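> Structure below; questions to follow.
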Amino acid sequence: MRVLAAMSGGVDSAVAAARAQEQGHDVTGVHLALSRNPQSYRSGARGCCTIEDASDARRAADVIGIPFYVWDLSEEFHEDVVEDFLAEYAGGRTPNPCLRCNEKIKFAAVLDRGLALGFDAVATGHYARLRPRPDGDGVDLHRAVDEAKDQSYVLGVLTQDQLAHALFPLGDTPKAQVREEAARRGLLVADKPDSHDVCFISDGDTGGWLAEKLADRGVNTGGEIVADDGEVLGRHEGSWRYTVGQRKGLRIGTPAPDGRPRYVLDIEPVSGTVTVGPRAALAVDALEGLRPRWCGPEPTGPLEGTVQLRAHGEPHRAVVSLDGDRLDVRLTDPASGIAPGQAVVVYDGTRVVGSATIESTRAVAGHRA
């Protein structure tokens, strides 16, 4: 096959490209230029959008011996990922930009362009596995062997058509072995640190970045912080600085009556009210998701399986059912601090069934969040 290897400049994508070539594919490396202004996005080795990363990717392609190009997808990235990130925070939700990037950029814009150019598949360094479906019709997405590095959660937005044109060469290998392999192959990125934080926020200060970008968009610049009984505890400088489940940085001074920490329970973006309360009030036993996307056939009835509610969270046993364009999730055991805007990804064993964006949660005590 003709394979387009998305090379971020890190060790994982470099080894993935090398493995794809070793498997006999005709591989071309491509690095995605995602910033309209390279100086405005992250510098150093913490992200995946830098000039340094582009240089690292090019050197890795030279060592592997494959053609290499840089594709400018900055406009698409800004509209589909950055603007979505801003809109979600302005609406009192907590988005995951990595899911949106996989959905809209790596396996939509890149894949579409690649197919138009005659490529058959896109290979990435994600830790996940693809297996032929038992009925022989398509492929299933599964968790990676290395549970600590598994990235199937951020791939749960991919459809069967996208998965049919994807390669994940690292899914059966622990990360430590990938680094060892990179060193054996002479790839200088073998010891490069993994990327962290939001790649397009240059200094890692999400609150400060949001303050600058949302300043002229009519979003609240302050409001009250109130206890769950309505008592006003203080004020803040923008509700978008908070996320459900947050404990640090509340700066309310007034301790709870029992002396225990308070956590963000709810964010109301119009009035700017941030409600805080005890950790126990974060427990939820059900949630609703919008815009479900299925990695394979859509379930025909309720599914008893597990769901993952954070990128690196523990799976929760649940019963999942589809009600029109909404996903209803009933948790067997309560989860805590689930933020609207995040994704709920549904699993049947290690197989990824699909995902949806969390719209609302229901607390164990019956309160609707």
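The values are calculated or read from the model by the stated rules, or taken from the named source; none is laboratory data. Keep in mind that what you see is a predicted model, and the values were worked out from it rather than measured. Neighbour counts are summed over all protein chains in view; Cβ atoms, including those assigned to glycine, are modelled from backbone coordinates with ideal geometry.
> If we only count strands (runs of 3 or more DSSP E) wholly inside region 294-369, which ones have 2 or more residues that are without any contact (Cβ under 8 Å) to a residue 60 or more places away in the chain?
Details: elements: 303-308, 316-323, 326-336, 343-348, 351-363.
It comes to 303-308, 316-323, 326-336, 343-348.
> Given the condition at pLDDT 90 or above, among the charged types (D, E, K, R) and either crowded, with 18+ Cβ neighbours inside 10 Å or in a loop (DSSP other than H, G, I, E, B) (or both), answer yes or no: does some residue in region 170-177 qualify? Quick ask: steps written out before the conclusion?
Let us first name the residues in region 170-177 that are at pLDDT 90 or above, namely 170-177.
From the residues that got through so far, the ones that are among the charged types (D, E, K, R) too are 172, 175.
Those still in the list that are either crowded, with 18+ Cβ neighbours inside 10 Å or in a loop (DSSP other than H, G, I, E, B) (or both) too: 172.
Yes, region 170-177 contains at least one residue that is at pLDDT 90 or above, among the charged types (D, E, K, R) and either crowded, with 18+ Cβ neighbours inside 10 Å or in a loop (DSSP other than H, G, I, E, B) (or both).
> Anything in region 336-361 that is more than 23 Å from Glu103 (Cβ to Cβ) and either at pLDDT 95 or above or not assigned by TED's automatic domain parsing to the domain that holds Gly301 (or both)? List them, or say none. Don't jump to the end; show me each part of the working.
Looking only at region 336-361, we keep the residues that are more than 23 Å from Glu103 (Cβ to Cβ), and these are 336-337, 349.
If the condition is that a residue be more than 23 Å from Glu103 (Cβ to Cβ) and either at pLDDT 95 or above or not assigned by TED's automatic domain parsing to the domain that holds Gly301 (or both), then Gly349 is the only one that fits.
> Mind telling me which of the residues Ala215, Ala211, Ala227 ends up being touching a Gly at 6+ places or on another chain (Cβ under 7 Å), without any contact (Cβ under 8 Å) to a residue 40 or more places away in the chain, surrounded by 11 or more Cβ atoms within 10 Å (Cβ to Cβ) and of a type outside the set (Val, Ile, Thr)? Break it down into steps so the answer makes sense when it comes.
Numbers: Ala215 fails: touching a Gly at 6+ places or on another chain (Cβ under 7 Å); Ala227 fails: without any contact (Cβ under 8 Å) to a residue 40 or more places away in the chain.
On inspection, the qualifying residue turns out to be Ala211.
> Can you pull out every residue in region 140-152 that is in contact with a Leu (Cβ under 8 Å, 6 or more places away or on another chain) and either in a helix (DSSP H, G or I) or surrounded by fewer than 17 Cβ atoms within 10 Å (Cβ to Cβ) (or both)? Break it down into steps so the answer makes sense when it comes.
Residues of region 140-152 that are in contact with a Leu (Cβ under 8 Å, 6 or more places away or on another chain), as a first pass: 140-142, 144, 152.
Result: Ser152, single match.
> Can you list residue pairs whose Cβ atoms sit under 6 Å apart, with the first residue in region 4-28 being in a strand (DSSP E or B) and the second being of a type in the set (Lys, Arg)? Count only pairs 6 or more apart in sequence or on different chains.
Pairs that qualify, where the first residue is in a strand (DSSP E or B) and the partner is of a type in the set (Lys, Arg), are Ala6/Lys106; Asp26/Arg2.
> Condition check: assigned by TED's automatic domain parsing to the domain that holds Gln21, in contact (Cβ under 8 Å) with a residue 24 or more places away in the chain and over 17 Å from Val345 (Cβ atoms). Does Gly156 satisfy that? So that I can check it myself, show each step before the final result.
Working: assigned by TED's automatic domain parsing to the domain that holds Gln21: yes; in contact (Cβ under 8 Å) with a residue 24 or more places away in the chain: yes; over 17 Å from Val345 (Cβ atoms): no.
Answer is no for this residue.
> A further question follows. Determine which member of the set Arg133, Arg113 is closer than 24 Å to His78 by Cα, more than 15 Å from the chain's Cα centre (by Cα), touching a residue at least 24 places away in the same chain (Cβ under 8 Å) and not assigned by TED's automatic domain parsing to the domain that holds Pro340.
On the way: Arg133 fails: closer than 24 Å to His78 by Cα.
Answer to the selection: Arg113.
> Only one of these is surrounded by fewer than 21 Cβ atoms within 10 Å (Cβ to Cβ) and at negative phi: Glu103, Glu88. Name it.
On the way: Glu103 fails: surrounded by fewer than 21 Cβ atoms within 10 Å (Cβ to Cβ).
Result: Glu88 is the single residue among Glu103, Glu88 that is surrounded by fewer than 21 Cβ atoms within 10 Å (Cβ to Cβ) and at negative phi.
> Which count do you get for residues in region 232-246 that are over 26 Å from the mean Cα position of the chain (by Cα) and touching a residue at least 12 places away in the same chain (Cβ under 8 Å)? Let's see the steps before the verdict.
Within region 232-246, the first condition is being over 26 Å from the mean Cα position of the chain (by Cα), and the residues that meet it are 232-237.
Those left that are additionally touching a residue at least 12 places away in the same chain (Cβ under 8 Å): 233-237.
Here the count works out to 5.
> Name the single residue that is farthest from Phe85 (Cα to Cα) among those in region 174-209 being in contact with an Asp or Glu (Cβ under 8 Å, 6 or more places away or on another chain) and of a type in the set (Lys, Arg).
Arg179
> If I go through region 64-77 residue by residue, how many of them are surrounded by fewer than 18 Cβ atoms within 10 Å (Cβ to Cβ), touching a residue at least 40 places away in the same chain (Cβ under 8 Å) and not aliphatic (A, V, I, L, M)?
Counting residues in region 64-77 that are surrounded by fewer than 18 Cβ atoms within 10 Å (Cβ to Cβ), touching a residue at least 40 places away in the same chain (Cβ under 8 Å) and not aliphatic (A, V, I, L, M) gives 3.
> Within region 148-167, can one find any residue that is among the charged types (D, E, K, R) and either over 22 Å from the mean Cα position of the chain (by Cα) or farther than 25 Å from Ile105 by Cβ (or both)?
No, every residue in region 148-167 fails to be among the charged types (D, E, K, R) and either over 22 Å from the mean Cα position of the chain (by Cα) or farther than 25 Å from Ile105 by Cβ (or both).
> Is there a residue being of a type outside the set (A, V, I, L, M), assigned to a helix (DSSP H, G or I) and at negative phi anywhere in region 113-130?
Yes; the residues of region 113-130 include at least one that is of a type outside the set (A, V, I, L, M), assigned to a helix (DSSP H, G or I) and at negative phi.
> In region 247-262, is there at least one residue being touching a strand residue (DSSP E or B) at 6+ places or on another chain (Cβ under 9 Å), closer than 14 Å to Gly92 by Cα and in contact (Cβ under 8 Å) with a residue 12 or more places away in the chain? Please lay out each step first, then the result.
Initial filter on region 247-262 (touching a strand residue (DSSP E or B) at 6+ places or on another chain (Cβ under 9 Å)): 247, 250-254, 256, 262.
This time we only want the ones that are closer than 14 Å to Gly92 by Cα, so: none.
Among the residues of region 247-262, not one is touching a strand residue (DSSP E or B) at 6+ places or on another chain (Cβ under 9 Å), closer than 14 Å to Gly92 by Cα and in contact (Cβ under 8 Å) with a residue 12 or more places away in the chain, which makes the answer no.
> Taking the conditions exactly as written (closer than 19 Å to Asp12 by Cα, exposed (fewer than 15 other Cβ atoms within 10 Å of the Cβ) and modelled with pLDDT of 95 or more), does Tyr127 satisfy them or not? Please lay out each step first, then the result.
Details: closer than 19 Å to Asp12 by Cα: yes; exposed (fewer than 15 other Cβ atoms within 10 Å of the Cβ): no; modelled with pLDDT of 95 or more: yes.
No.
> Separate question: Pick from Pro257, Pro261: which is touching a Lys or Arg at 6+ places or on another chain (Cβ under 6 Å), surrounded by fewer than 15 Cβ atoms within 10 Å (Cβ to Cβ) and part of a loop (DSSP other than H, G, I, E, B)?
Numbers: Pro257 fails: touching a Lys or Arg at 6+ places or on another chain (Cβ under 6 Å).
Sole residue among the options that is touching a Lys or Arg at 6+ places or on another chain (Cβ under 6 Å), surrounded by fewer than 15 Cβ atoms within 10 Å (Cβ to Cβ) and part of a loop (DSSP other than H, G, I, E, B): Pro261.
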